[in-house]
1. Out of 156, 92, 136, I need the residue that is farther than 24 Å from residue 49 by Cβ, modelled with pLDDT of 95 or more and under 19 Å from the mean Cα position of the chain (by Cα). Which one?
2. Does residue 232 meet the test of being more than 24 Å from residue 289 (Cβ to Cβ), modelled with pLDDT of 95 or more, surrounded by fewer than 18 Cβ atoms within 10 Å (Cβ to Cβ) and not assigned by TED's automatic domain parsing to the domain that holds residue 166?
3. Residue 246 passes all but one of (1) at pLDDT 95 or above; (2) more than 24 Å from residue 178 (Cβ to Cβ); which number fails?
4. Can you say whether residue 182 is assigned by TED's automatic domain parsing to the domain that holds residue 151 and within 19 Å of the chain's Cα centre (by Cα), as far as the supplied structure shows?
5. Looking only at residues that are touching a helix residue (DSSP H, G or I) at 6+ places or on another chain (Cβ under 9 Å) and not in a helix (DSSP H, G or I) in segment 305-318, which one is modelled with the lowest pLDDT?
6. May I ask you to list the residues in segment 71-119 that are without any contact (Cβ under 8 Å) to a residue 12 or more places away in the chain and under 17 Å from residue 138 (Cβ atoms)?
7. When residue 290 is evaluated against the numbered criteria (1) under 26 Å from the mean Cα position of the chain (by Cα); (2) surrounded by fewer than 18 Cβ atoms within 10 Å (Cβ to Cβ); (3) under 17 Å from residue 242 (Cβ atoms), which criterion, by number, is the only one it fails?
8. Checking residue 188 against (1) touching a helix residue (DSSP H, G or I) at 6+ places or on another chain (Cβ under 7 Å); (2) at pLDDT 95 or above, only one condition comes out false. Which one?
């Protein structure tokens, strides 16, 4: 009797949970990157197979779970159910973007036009989707002309972005300048973007990375130091101080201290992973001649990701 009661209770709880599922609730889980998002989104599509929004959410949840191929299938289902839904095409484009790096060259050539078409359809339906326009800038700059690439197209998208958001327009133009190897103009665009919107953390980070890319090490250190002085909890800025040190070979002790601080801090979802911090820390210890500390740091990186090739290579040298 107790066994039957337990089974009935379990059944009741499961049924109650199923009936509680709604599109807004699943969206909250997906946007919070909650681990329950994937099974709940899958359950929603089973309960409401003609709900395009549910399939979009399932695509997003699958992307978060690194299931790019399955994410494509879900997004394609969404576009068929709702052919004028810009978000369905946007997440289809993102799904192809995640998948394309996982396949061979011939598959990439056939997949790239589908990625392009998805984002072009997105902006046709929603001209104000700047994320899709930025994705098109990247595509046009990277893809050969035979599959629709071209700098002129990238510039057109950058101009459209600038009409709607000056700061993001500067960032898009910086990407074009980088493709032209015009680093001086790219940095000016990054600086203009930051001046236009200094509160935007993504833009602030882009400027710092720009300084690193152009080996303007003093500017990079100054930029990230100012950030941490203004916000001591800005974990990515502390990480970038360490990364700048590892890349430049300068301010080694400062870089070590910054990475140690970063490793002791709580992190947001999109912050650099601890394995990367340990890897950079290992590089810095090598530079100052602390072999044992370098080994420990690289081993810590490999403990988090046993397939971390760069850490494996550097550990083998010690």
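The values are calculated or read from the model by the stated rules, or taken from the named source; none is laboratory data. If you're wondering where the values come from, they're calculated on a predicted model, not measured in any experiment. Every residue, glycine as well, gets a Cβ built from its backbone with ideal geometry; the counts of neighbours run over all protein chains shown.
1. Values: 156 fails: under 19 Å from the mean Cα position of the chain (by Cα); 92 fails: farther than 24 Å from residue 49 by Cβ.
The conditions single out 136.
2. Numbers: more than 24 Å from residue 289 (Cβ to Cβ): yes; modelled with pLDDT of 95 or more: yes; surrounded by fewer than 18 Cβ atoms within 10 Å (Cβ to Cβ): yes; not assigned by TED's automatic domain parsing to the domain that holds residue 166: yes.
The answer is yes for residue 232.
3. Of everything listed in (1) at pLDDT 95 or above; (2) more than 24 Å from residue 178 (Cβ to Cβ), residue 246 misses just condition (2).
4. Working: assigned by TED's automatic domain parsing to the domain that holds residue 151: yes; within 19 Å of the chain's Cα centre (by Cα): no.
No: the conditions fail for residue 182.
5. To start, the set of residues in segment 305-318 that are touching a helix residue (DSSP H, G or I) at 6+ places or on another chain (Cβ under 9 Å) comprises 305-306, 308, 310-312, 314-315, 317-318.
Then keep just the ones that are not in a helix (DSSP H, G or I); that gives 305-306, 308, 318.
Values: 305: 96, 306: 95, 308: 95, 318: 91.
So the residue we want is 318.
6. Once the filter is applied, which keeps residues that are without any contact (Cβ under 8 Å) to a residue 12 or more places away in the chain and under 17 Å from residue 138 (Cβ atoms), segment 71-119 yields 101, 108, 117.
7. (1)
8. It fails just one condition, (1).
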